[in-house]
Amino acid sequence: MEKAINRQRILLDHLRPNSSSSHQNSQSHLSPSICLAGGNAAYGDDIVIVAALRTAICKAKRGGFKDTLPDDLLASVLKALVERTNLNPAEVGDIVVGTVLAPGSNRAIECRMAAFYAGFPESVPVRTVNRQCSSGLQAVADVAAFIKAGYYDIGIAAGLESMSVDSVTPIITINTKIEQFAKARDCMLPMGVTSENVAERFGVTREEQDQAAVVSHQRAAAAIASGKFKDEIIPVSTKIVDPKTGETKPVTISEDDGVRPNTNLRDLAKLKPAFKKNGTTTAGNASQLSDGAGGVLLMKRSLATQKGLPILGVFRSFAAVGVEPGVMGVGPAVAIPAAVKSAGLHLSDINLFEINEAFASQYVYCCKKLDLDTEKVNVNGGAIALGHPLGATGARCVSTLLNEMKRRGRDCRFGVISMCIGSGMGAAAVLERGDYVDALSNARTTTGNYFLSKDAK
């Protein structure tokens, strides 16, 4: 650590040669978290996010997208990313789409079709990725890693789910071996049952879960009322079919429609347990079935600067971890520390968190386990209020988190996105606000041969 700090001090001295007190000033601005998380900031090879957009999130089978095909949802996001950045779509090296419920080959073809609808040429490839509820975030991590490895310079990560079109279907043929492997058997548990397991094992009460649901709806309603989501939501022109008359009506959807501003503890307490007699998980304190899509445009910092694109965020780290399948909801409590450590940070360095509210039980547990300040978590509501379109949630969280960090300014530098994953996993990523200005991120490459190797002894 001391070597890393010293290297940054030397670099700053070279960048500010006219300041006699440069060494003293640089020392006052340096901290271990800055040196670790921003270790490559001066070299232009950070992987940055220049745009992050999403559709509204709508109630499955009842909401604004109930009659919208998945490929149309994705095409809307892909087209908006290009239009917002004036990017030549032919420059994109790959489009990676996180998606969960649809059969893999069918959805892969739909995603390819969506790219054509959005104006991408045949030369731009498309693939899908499925790591259950973290698929959208996994897509972002995959694109960041591929750019870092030099496979291409520009990539789009997206997330897509239409739970109006596709639904959770059980495995038709179950291997009899699962009876010999308890953890394999637990992979088959309904997600709601794993929520009950978390609540029972870790003592999360019904009241705590219902309170989390109330807060989620209140915060989401406040965010919508104040226009906080306008910068991240793209309007989608589509249609709605009246189920009674069959009449088709053109509509433009630009607002999340699952939020219930009047949600309260009294009404939630009347709901019956959904998965277990005398249980605590209900339709009111679990995430909603939803439709939606999101997209994230990534490239190297140097290329973004060259193109004059604003840097919304920097992708700092990613971690996927395994946990006990029977309590899969605890995943974020394990994944978040792993991702934060990988970024060279501590939990105390994180200013904002987006933790997917698959179920209030696991959300409450993870916040308590990590001793998080809930005023920093899901400040604009979460999946209980907004909804959880499985493959799209990770991409949605990127746009929501980075836009909130931008609004908060200098006092909000690092953010974390995390979610639990069916069959017993967790994923988390650390992002840095893109316009964070300090002595390191202002650094520019110089032409002098100062031999400032990061490996210098």
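The values are calculated or read from the model by the stated rules, or taken from the named source; none is laboratory data. Keep in mind that what you see is a predicted model, and the values were worked out from it rather than measured. Cβ: placed from backbone, ideal geometry, glycine included. Neighbour counts: every protein chain shown. In case anyone asks, the SASA skips ligands and DNA or RNA and just uses the protein heavy atoms, side chains included. Shrake-Rupley method; radii C 1.70, N 1.55, O 1.52, S 1.80 Å.
General observations
- Residues that are surrounded by fewer than 24 Cβ atoms within 10 Å (Cβ to Cβ) and of a type outside the set (A, V, I, L, M) within the range 319-364 comprise Gly322, Glu324, Pro325, Gly326, Pro337, Lys341, Ser342, Gly344, His346, Ser348, Asp349, Asn351, listed in sequence order.
- Put simply, of Ser162, Ser167 the only residue that is farther than 12 Å from Asp94 by Cβ, open to solvent by 20 Å² or more (accessible area, probe 1.4 Å) and polar (S, T, N, Q) is Ser167.
- Pairs where the first residue, in the range 249-267, is in contact (Cβ under 8 Å) with a residue 60 or more places away in the chain and open to solvent by 40 Å² or more (accessible area, probe 1.4 Å) and the second is of a type outside the set (Gly, Ala, Ser) and part of a loop (DSSP other than H, G, I, E, B), C-beta under 8 Å, 6+ apart: Ser254/Ile234; Ser254/Pro235; Glu255/Phe229; Asp257/Ile57
For every residue, the table says whether it meets (1) among the acidic types (Asp, Glu); (2) more than 22 Å from Met163 (Cβ to Cβ).
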| residue | (1), (2) |
| --- | --- |
| Asp46 | yes, yes |
| Lys59 | no, no |
| Leu69 | no, no |
| Glu110 | yes, no |
| Glu122 | yes, yes |
| Val126 | no, no |
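- The residues on offer are Val100, Val77, and the sole one that is touching a strand residue (DSSP E or B) at 6+ places or on another chain (Cβ under 9 Å), within 20 Å of Pro235 (Cβ to Cβ), buried (at least 24 other Cβ atoms within 10 Å of the Cβ) and not acidic (Asp, Glu) is Val77.
- Residue match in the range 403-413 (condition: charged (D, E, K, R), crowded, with 18+ Cβ neighbours inside 10 Å and either part of a helix (DSSP H, G or I) or free of Cβ contacts under 8 Å to residues at least 60 places away in the same chain (or both)): yes
- Breaking point among (1) within 21 Å of the chain's Cα centre (by Cα); (2) closer than 19 Å to Gly382 by Cβ; (3) among the hydroxyl-bearing types (Ser, Thr, Tyr), for Ser162: (2)
Table: residues versus (1) over 24 Å from Lys368 (Cβ atoms); (2) open to solvent by 60 Å² or more (accessible area, probe 1.4 Å); (3) among the basic types (Lys, Arg); (4) assigned to a helix (DSSP H, G or I).
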| residue | (1), (2), (3), (4) |
| --- | --- |
| Ile178 | yes, no, no, yes |
| Val204 | no, no, no, no |
| Ala212 | no, no, no, yes |
| Val215 | no, no, no, yes |
| Arg219 | no, no, yes, yes |
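- Scope the range 258-304; condition in contact with a Lys or Arg (Cβ under 6 Å, 6 or more places away or on another chain) and closer than 16 Å to Glu161 by Cα; matching residues: Gly258, Gly294
- Scan of the range 104-149 for residues that are closer than 22 Å to Leu401 by Cα, small (Gly, Ala, Ser) and either open to solvent by 20 Å² or more (accessible area, probe 1.4 Å) or part of a helix (DSSP H, G or I) (or both), ordered by number: Ser135, Gly136, Ala139, Ala141, Ala144, Ala145
- Selected residue [touching a Lys or Arg at 6+ places or on another chain (Cβ under 6 Å), assigned to a helix (DSSP H, G or I) and either modelled with pLDDT of 95 or more or open to solvent by 30 Å² or more (accessible area, probe 1.4 Å) (or both)] from Glu208, Glu196: Glu196
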